[in-house]
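The values are calculated or read from the model by the stated rules, or taken from the named source; none is laboratory data. Computed from a prediction, not measured in an experiment: that's the story for all the values here. No Cβ is skipped: glycine too gets one built from the backbone with ideal geometry, and neighbour counts run over all protein chains shown.
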Amino acid sequence: MAPRVLVDATDVPADRGALGRYVDGLIGALDAAGADLAVVCQRADEERYERLAPGARVVAGPTALSHRSARLAWEQSGLPVVAQQVNADVIHVPYYSMPLRPGRPTVVTVHDVTFFTEPELYSPVGAMFFKSAIRTAARRAARLIVPSKATRDELERVLGADPTKIDVAYHGVDHRLFHRPDPQQVLQVSNRLGLHGKPYVAFLGLLEPRKNVASLITGWAGAVAELENPPALVLGGGGGWSEEVDAAVASVPPHLRLIRPGYLRFSDLPGFLGGATVVAFPSRGEGFGLPVLEAMACGAPVLTTHCTSLPEVGGEAVAYTEPDSDSIRDALRALLGDAARRESLGEAGYARAQEFTWAASAEAHMACYRRAAEQTAADVSAV
């Protein structure tokens, strides 16, 4: 008999970034697969999850969950209570942290361990919190789910985590949302960006140090400065600006165009990604690399790095660069000058993206939940 699983969706941000797309995609696929499922979420998301998972029991948490500090406090005391109310056999917390006394086996998703390997990319307070959360999860969770073999290997190497309690479950991509756009979709996005059909290089993601945005800006400027019709650089996504990024923006030659539209509407993403000359995502470290997969699903030629999990996603269907600005410049210049290779990469990326589905991810998650429940039952019977 399948265990009843409570998924904690209370940390999903309103902007539906990569964490939101993971949780939403997973919950919808779990419900479609017939999982015995309960979901606890913020009140603003209650109707959303009722639509995504009509077979699940959806519980709205208190209003205060929209504040991070209150959510973390509630996770310790309120989440175990909800698990008891819905009679859950397993709790799944999809974002690093977990209750210290959950009252039942808990599965935690650890997305990456760059907080340990590259702490300079984060604020000291943020790095300290996530390091503590990951250590606690590695020690106390019944099982860990990771989105790539690279994250699994890093957990073993950095923390000495027990490999027998780690399950790899690749993310999927929502092919109804991320698909090859039609010309009208491309034109609409281009017009909204003020480009009106002119070429551009696209980036999608949080504008944070780990995403290597400053090096992308400098590399792009070096690659296109001498071109007769230089493509713009469009940085789609939110996040703060570092001094490094500000300096890179300030150094862009005045005849080049850099556009920062902020968050884009989901309905615009196929046109934005699929309409780009190149989608560049030169991240210094990812747990999975969902924007790379989503760009591939839209038929875009993608330039990324060999760092951490990204080769597991891109395989031979994307172009690679080292993360420094000179390497990005050279790789981007080569791609912009080779239309045949861009077309070939677009076709190969699209084909590879079809292999990643939320249904397959849900199947891997359900196997992990069963192991957590069976492992705990075995532990109890052995006492």
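Here's a check for you: in the stretch 149-179, which residue that is of a type in the set (Lys, Arg) and exposed (fewer than 15 other Cβ atoms within 10 Å of the Cβ) is farthest from the chain's Cα centre (by Cα)? Residue satisfying both the conditions and the ranking: Arg157.
Evaluated against (1) of a type outside the set (Ser, Thr, Tyr); (2) surrounded by fewer than 18 Cβ atoms within 10 Å (Cβ to Cβ); (3) at pLDDT 95 or above, Met1 falls short on exactly one condition, (3). The residues listed here are Val292, Val252; of these, the one that is touching a Leu at 6+ places or on another chain (Cβ under 7 Å) and under 26 Å from Thr357 (Cβ atoms) is Val292.
Each row is one residue, and each column tells you yes or no for (1) aliphatic (A, V, I, L, M); (2) in contact with a helix residue (DSSP H, G or I) (Cβ under 9 Å, 6 or more places away or on another chain); (3) surrounded by 15 or more Cβ atoms within 10 Å (Cβ to Cβ); (4) assigned by TED's automatic domain parsing to the domain that holds Leu26.
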site	(1), (2), (3), (4)
Gly337	no, no, no, no
Ala348	yes, yes, yes, no
Ala362	yes, yes, yes, yes
His365	no, yes, yes, yes
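Mind checking whether some residue in the stretch 179-197 is in a strand (DSSP E or B) and at negative phi? No, every residue in the stretch 179-197 fails to be in a strand (DSSP E or B) and at negative phi.
Going by the conditions given, is Pro13 modelled with pLDDT of 95 or more, assigned to a loop (DSSP other than H, G, I, E, B), assigned by TED's automatic domain parsing to the domain that holds Val168 and touching a helix residue (DSSP H, G or I) at 6+ places or on another chain (Cβ under 8 Å)? Walk me through it before giving the result.
Values: modelled with pLDDT of 95 or more: no; assigned to a loop (DSSP other than H, G, I, E, B): yes; assigned by TED's automatic domain parsing to the domain that holds Val168: yes; touching a helix residue (DSSP H, G or I) at 6+ places or on another chain (Cβ under 8 Å): yes.
So Pro13 does not fit the description; no.
Of all the listed residues (Val224, Val189, Val249), the sole one being buried (at least 21 other Cβ atoms within 10 Å of the Cβ), out of contact with any Gly (no Cβ under 7 Å at 6 or more places or on another chain) and hydrophobic (A, V, I, L, M, F, W, C) is Val224. Please determine, by comparing only the residues of the stretch 166-193 that are without any contact (Cβ under 8 Å) to a residue 40 or more places away in the chain and not hydrophobic (A, V, I, L, M, F, W, C), which one is farthest from Pro270 (Cα to Cα). Only one residue fits best here, namely Asn191.
Only a single criterion out of (1) more than 17 Å from the chain's Cα centre (by Cα); (2) of a type outside the set (Gly, Ala, Ser); (3) not assigned by TED's automatic domain parsing to the domain that holds Leu310 is not satisfied by Val146, namely (1). The single condition among (1) surrounded by fewer than 20 Cβ atoms within 10 Å (Cβ to Cβ); (2) in contact (Cβ under 8 Å) with a residue 60 or more places away in the chain; (3) small (Gly, Ala, Ser) that Gly315 does not satisfy is (2). Just one of the listed residues (Val302, Val234, Val213) is assigned by TED's automatic domain parsing to the domain that holds Ala339, in contact with a Gly (Cβ under 8 Å, 6 or more places away or on another chain) and among the hydrophobic types (A, V, I, L, M, F, W, C), namely Val302. Where strands (runs of 3 or more DSSP E) fall entirely within the stretch 44-125, none has at least 3 residues that are modelled with pLDDT of 95 or more and not assigned by TED's automatic domain parsing to the domain that holds Arg21. Picking from residues in the stretch 204-241 that are of a type in the set (A, V, I, L, M, F, W, C), under 20 Å from Pro253 (Cα atoms) and not in a helix (DSSP H, G or I), the one that is nearest to the chain's Cα centre (by Cα) is Leu235.
The single residue among Tyr122, Tyr170, Tyr95 that is in contact with a strand residue (DSSP E or B) (Cβ under 9 Å, 6 or more places away or on another chain) and among the hydroxyl-bearing types (Ser, Thr, Tyr) turns out to be Tyr95. Just a yes or no: is a residue in the stretch 21-38 part of a helix (DSSP H, G or I), closer than 24 Å to Ala73 by Cα, assigned by TED's automatic domain parsing to the domain that holds Pro99 and without any contact (Cβ under 8 Å) to a residue 12 or more places away in the chain? No, there is no match, as no residue in the stretch 21-38 is part of a helix (DSSP H, G or I), closer than 24 Å to Ala73 by Cα, assigned by TED's automatic domain parsing to the domain that holds Pro99 and without any contact (Cβ under 8 Å) to a residue 12 or more places away in the chain.
Close Cβ contacts (under 6 Å, 6 or more residues apart or on different chains) running from residues in the stretch 266-285 that are outside the structural domain of Gly314 (by TED's automatic domain parsing) and polar (S, T, N, Q) to residues that are surrounded by fewer than 24 Cβ atoms within 10 Å (Cβ to Cβ) and not in a loop (DSSP other than H, G, I, E, B) are absent.
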